[in-house]
Structure formats: C-alpha cells, structure tokens
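Let me begin by presenting the structure, written as structure tokens, before commenting on it.
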Amino acid sequence: MNSKHYYNPKGEEILDEKIFGGNPSGFVDFNRSKYKWDSNIYDLMNANTWFPSEVNTSTEKKNFEQLTENEQAIYKMTFAQLSFNDSAQEEYLSDFRRLANNRLIKSVISLQIMQEVNHSKSYAVLLDACGNSDEVFNLYKYNDALNTKNQKIAQQFARYIDGNSVDKMLLSAMASVNLEGIYFLLGFSYIYLLGDKVPGARDMIKFIARDELNTHLPLFANIFKTIKKENKIQTSTIDSVYTMINDAVNIELEYGNYLLSQYPIMGVTPELMKRTVHNYANDRLKKIGLDPIFTQSDTTYLQKLVTKHLNMNEVKSNFFESNVSNYAKSSINLDDF
Ligand SMILES: [Fe+2]
Ligand SMILES: [Fe+2]
C-alpha cells in the first residue's frame with residue numbers, strides 16, 4: 001500500500017473531499033464537516049449505543065415454548081433471515097468504505113460497521129437464551145426460500161461494489177438503502193406481532209430497528225443523494241436504481257408470502273404485506289430524492305407497529321428510561337445538507 005493512503009500532506013482540503021473520487025489528505029477532522037449530516041448522524045449513532053446484554057432474555061426459552069407451532073416457525077425463520085442481513089451488511093460496508101474518498105463519511109461507516117457487528121452479537125445472545133441458536137443459524141442450509149432471499153441480497157451487494165465508477169458507487173449505495181429500508185421490515189413487524197409473548201426478542205428488535213431506521217437508512221440515503229449531486233450520473237443508472245428497488249420489493253414479498261403460506265399467523269394477508277412493502281419502497285425513493293412508483297395506500301397496521309416501536313416515549317425498559325434524553329436527539333434533521 002502506498003503511504004499516501006495513510007498520510008498525504010499534498011492532498012486536497014478536507015472540505016473539498018467528495019464522497020467518491022478524489023485525493024484525501026488522510027485526516028479525520030470532525031470540526032470540518034463538508035456535509036453536516038455526516039457528523040450529526042455520527043453523534044446520533046453514538047448516543048444510541050447499546051449492548052445486547054442490556055436486554056432481558058432470561059425468560060426467552062420459556063416464552064418461546066409457549067408460542068404456537070406456527071409462531072415458533074415464524075420466530076426462527078425471521079431471525080434466520082435478519083441475522084444474515086447484518087452479517088452481509090458488515091462485510092459490504094467494509095468494501096464500500098474502502099472505495100469511498102471522504103474521510104469523515106468513512107469514519108461514520110466505521111461506527112456503522114461496529115453497530116452491525118453488535119446486531120449479529122445480539123441475535124447470538126437472544127437465540128442462545130432461547131436454546132435454538134444452532135438450529136436457527138443453520139436454517140439457510142435446509143430452507144430454499146430463505147437461501148433464495150439471502151442469495152439475491154448478496155447478489156445485489158456484489159453486483160456494483162467491484163467497480164470504481166461513480167455510477168456503480170451510486171448503485172452500490174442503493175443496495176444498502178434496500179437492505180436498511182426494505183429487507184428488514186416484514187421481519188421486524190412479525191416480531192412486533194408476537195410482541196408481549198416474547199419480550200426479549202421484541203426489545204432486541206426495537207434496538208436494532210432504531211439503528212437501522214433512525215441512522216443507517218438516513219446515512220445511506222444521504223450518501224446516495226450526495227453522490228448523485230456531486231457527479232454527473234447517467235439516466236440509465238437512475239433507471240437501474242428503480243429496477244433495484246423493484247427487485248427488492250419482489251425479494252421481500254417473495255419471502256413474506258412463503259412464510260405466510262407455510263405458517264399463517266395473526267391476520268397477516270398477502271395484500272397487507274404488499275401494501276406495507278410498497279409504502280416503504282415509496283418512502284425510500286422519496287428519501288433518496290426520486291419519485292415514488294408503487295401504488296400508495298394508507299399507512300398499514302404493520303407500518304404502525306414498526307413506527308410505534310421507534311417512538312422513544314413508548315419505551316418501557318429501564319435501559320431506555322435512563323437513556324431517553326440521548327434518544328431525543330433523533331429529532332435532528334438528517335436530510336439537511
Ligand atoms: Fe444491522
Ligand atoms: Fe444497518
């Protein structure tokens with residue numbers, strides 16, 4: 001590796017560093033943030049720091065055993081898939097970070113990497129308490145629907161990360177918007193539907209969902225918008241962005257419909273899932289500055305469940321009560337740049 005990669009006194013001014021393509025000096029200076037939203041998101045991520053040991057999982061095994069067979073299957077298939085998402089995201093972020101230029105953006109991604117590892121650890125802690133860790137983490141070997149969803153997510157990550165062009169970086173950022181903003185959402189809502197029956201799982205998902213939706217999604221939405229603003233992006237690339245989110249909607253619904261057909265639970269219907277995922281996809285398009293393309297419905301019950309658990313005032317656990325002032329910072333306008 002060239003030493004300029006680490007120290008480059010003749011490199012560009014920190015405030016001139018674009019997200020992609022440039023010649024950085026090698027310094028991380030939080031007092032000179034080109035975008036503002038980057039250091040705001042960093043502070044919010046830091047303020048939200050939590051550890052899996054702070055969730056009470058002592059009754060998880062007993063609670064799990066009292067679920068119906070279908071509910072147990074949904075629980076296991078959901079965690080089997082969500083845990084893959086975090087494992088993949090950690091590795092993808094390391095690759096994206098290596099190709100990026102702006103040192104402050106790279107620093108924020110470093111913290112996100114830590115949080116994704118924390119999510120992986122939290123699944124392990126929860127499933128260990130539940131007594132089915134090996135079974136759940138190995139489900140991908142035996143279940144075609146799960147394996148297919150994971151494979152398609154991995155392909156979306158891999159498709160553009162190897163190319164050093166701004167258009168490919170933009171599409172690569174879109175893969176991350178899909179992961180944070182689409183692939184987790186039905187899984188989160190299933191665990192919230194089980195709710196009080198499995199409070200350990202529910203509380204763990206609350207923490208994870210807050211990281212994904214309050215900071216990781218805004219981070220990559222802003223990265224996407226900034227790459228688009230700083231470079232001349234081809235129209236065909238934007239067409240590919242629409243294709244990618246359409247694929248993401250199909251991937252999410254395919255797995256959702258499979259779970260529902262195998263293990264029907266609690267009033268969830270294919271129509272409800274479709275309206276939910278379409279609404280989310282429209283919201284994600286708006287967040288990245290593009291026009292929504294899916295049929296918009298009224299906010300669904302599943303969306304309301306997810307939003308309710310993002311609401312800081314709803315939090316009952318001691319941990320959150322002692323940290324509620326930190327969480328209040330989520331009112332920062334993350335799109336302001
Ligand atoms: Fe995560
Ligand atoms: Fe994330």
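Listed values, structure above:
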{"read-out": "Global form of the chain, assessed from the alpha-carbon gyration tensor, a/c cut-off 1.5", "value": "prolate"}
{"read-out": "Longest site-free stretch - the chain; sites: GluC sites (Glu not before Pro), DSSP loop, at most 14 other Cβ within 10 Å", "value": "14-337"}
{"read-out": "Contour excess over end-to-end distance, with Cα ends at K304 and D95 and 0.36 nm allotted per residue", "value": "71.8 nm"}
{"read-out": "Within the stretch 124-221, chymotrypsin sites (Phe, Trp or Tyr not before Pro) in DSSP loop having at most 11 other beta-carbon neighbours inside 10 Å", "value": "Y142"}
{"read-out": "Computed label-point distance, nm, for sites F51 and N23 using a 7 Å Cα→Cβ extension", "value": "4.5 nm"}
{"read-out": "Theoretical FRET efficiency, 1/(1+(r/R0)^6), r = Cβ-Cβ of I265 and K10, R0 56 Å, to 0.05", "value": "0.35"}
{"read-out": "Those lysines that a straight Cα-Cα span of less than 19 Å connects to K225, excepting residues fewer than 8 apart in one chain", "value": "K18, K34, K36, K106, K168, K286, K287"}
{"read-out": "Helix axis angle, 318-327 relative to the chain longest principal axis, alpha carbon, degrees", "value": "30 degrees"}
{"read-out": "Within a Gaussian network of the chain (alpha carbon springs, distance under 10 Å), most fluctuating of F84, F20, F30", "value": "F30"}
{"read-out": "GNM top mover of N279, N70, N48 - the chain, alpha-carbon springs below 10 Å", "value": "N70"}
{"read-out": "Separation between Cα centres of the stretch 171-227 and the stretch 50-91, rounded to whole Å", "value": "15 Å"}
{"read-out": "Computed label-point distance, nm, for sites N311 and N138 using a 7 Å Cα→Cβ extension", "value": "4.3 nm"}
{"read-out": "Label-to-label distance, nm, for residues given as Q234 and D291 (7 Å Cα→Cβ offset)", "value": "2.2 nm"}
{"read-out": "Residues N246 and D283, FRET efficiency given R0 of 22 Å [Cβ-Cβ distance, rounded to 0.05]", "value": "0.90"}
{"read-out": "Most mobile listed residue (S53, S33, S172) in the chain, GNM with C-alpha springs under 10 Å", "value": "S53"}
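Any read-out appearing in this document is the output of simple, stated calculations on the displayed coordinates, not a laboratory observation. Keep in mind that what you see is a predicted model, and the values were worked out from it rather than measured. For neighbour counting, all protein chains shown are included, and Cβ atoms are generated from backbone atoms with ideal geometry for every residue, glycine included.
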